[in-house]
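Structure first, commentary second.
The values are calculated or read from the model by the stated rules, or taken from the named source; none is laboratory data. Here the structure is a predicted model, which is why all the values come from computation and not from measurement. FYI the Cβ positions are ideal-geometry reconstructions off the backbone, even for glycines, and counts take in every protein chain you see. These accessible areas exclude ligands, DNA and RNA; they are computed on the full protein's heavy atoms, side chains included. Shrake-Rupley method; radii C 1.70, N 1.55, O 1.52, S 1.80 Å.
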Amino acid sequence: MIGQEERLERWRLLLGGGPAEGTGARLQGTAAAMDAALEALYGGEADAGAKGAGLGASAPRVTRWLGDIRTYFPSTVVQVMQRDALDRVGLRRMLTEPELLASLEPDIGLVGEIIALSGVLPDRTRATAREVVRKVTDDLERKLSSRLRSAITGALDRSQRTRRPKHRDIDWDATIRRNLRHYVPEHRTVIPERLVGHGRRQSALRDIVIAADQSGSMADSVVYSSVCSAVMASVRAVRTRLVVFDTEVVDLTDQLADPVDVLFSVQLGGGTDINRAVGYCQARISRPTETIFVLISDLFEGGVEDDLLRRVQSMLTSGVTVIVLLALSDRGKPSYDHELAAKLAALGAPAFACTPDQFPGLMAAAIERRSLASWAAAEGVALTAAPQAAH
């Protein structure tokens, strides 16, 4: 239980002071420093010109402020305050200062800001910007790579199992487990009635094509899809292609060895031509029944919608597994074009949002050709429903 004095102190920090706040609390020490950091960012609401007064345009002053908020607030709060600073006090122009970049708390939102401005970053800042982006991508790779690789390789193993394996392909552990009920005590052995094994592996058992919308609202999804694509590209049993698009289409497959290179090739913002991107990917699918196509977009189409629907229908008919992700992010429910999502669902390609933690399981289900509706139900993911037929 917190005491009355601490409770009043918290209310004073929340209300921001002034004659009308009513707590009468006087802040000292750490609480006073926290209040100063909050006032520098959120003070002066009534006067638009005063919003940045506490921080000013000085890079050293902003750097000190960033150090203060990391000292007094947890990292999740620091990230929120950084994003607010970007919006409220024109901190974007300060991203051209390497001293400031080095002081920022790296997170997904900051990477989006850096990538959006990558074309105008001066040379003196670019190296620092890459270091900030690399901190985030390395952290994401550590979190996602083990689960994603094991999910994919495990799914490929299961999907390639055969009941008539050659001797060299027998999975002896699985065979013994499957036939334990056929143990013969007098011979002290298991007589297998069914062998379990794997078919001979080719160079790539599945092709995975990811098309990621790089419009400004999809920044988080672009970051996650770049990292996930780079991880999957390191798995020899799958062949991964990454395409990003707005009104133009850019194939970044050759850069998947380094997700930082991928992200600095992205141009966030601009219009959206999903049909063009899907057409590009469709033309590069050579094994439809062994291909998983993942479209990551909020579906606000600026191209020819009817042609897009025909392309998706053609891909489904040819045997391609089509997955439409409205977002690959952990920011909650996304904004998207509900009408186009319903039309895609009517074709057999329901759209849904997916968190990075759920993505490995989704890819495993797709590789094993399991029902994505069943996977979504188990994960508590709501699929887009097809439109109801008129009565």
Could you state how much accessible area Ile367 has, in square angstrom rounded to the nearest 10, with a 1.4 Å probe and all protein chains kept in place?
0
Cα gyration tensor of the stretch 249-391, axes a ≥ b ≥ c as square roots of the eigenvalues: rounded (a/c below 1.5), prolate (a/b > b/c) or oblate?
rounded
I'd like the accessible area for Arg70, computed on protein heavy atoms only with a 1.4 Å probe and all protein chains in place. Round to 10 Å², please.
90
Quote the charge dipole size of the stretch 213-278 about the Cα centre in Debye, to the nearest 20; the model charges only the Cβ of Lys and Arg (+1) and of Asp and Glu (-1).
300
Could you please put Trp65, Trp172 in sequence from largest to smallest accessible area, using a 1.4 Å probe?
Trp172, Trp65
Environment charge of Gly279, counting only residues whose C-beta is closer than 12 Å and scoring Lys/Arg +1, Asp/Glu -1
+2
Does the stretch 210-254 classify as rounded, prolate or oblate by the C-alpha gyration tensor (a ≥ b ≥ c root eigenvalues; a/c under 1.5 gives rounded; else a/b over b/c gives prolate, otherwise oblate)?
oblate
With a ≥ b ≥ c taken as the square roots of the eigenvalues of the C-alpha gyration tensor of the stretch 284-340, please select rounded if a/c is under 1.5 and otherwise prolate if a/b is larger than b/c or oblate if it is not?
oblate
Provide the FRET efficiency to the nearest 0.05 for the His187-Asp261 pair, computing r from the beta carbons and using R0 = 56 Å.
0.40
Please calculate the 1.4 Å probe accessible area of Ile191, with all protein chains present, and give it to the nearest 10 Å².
90
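Please compute the net charge surrounding Ser221, taking Lys and Arg as +1 and Asp and Glu as -1 over other residues with Cβ under 9 Å from its Cβ. Intermediate values should be presented prior to the final figure.
Values: positive: none; negative: Asp213, Asp220, Asp298.
My count for the surroundings of Ser221 gives -3.
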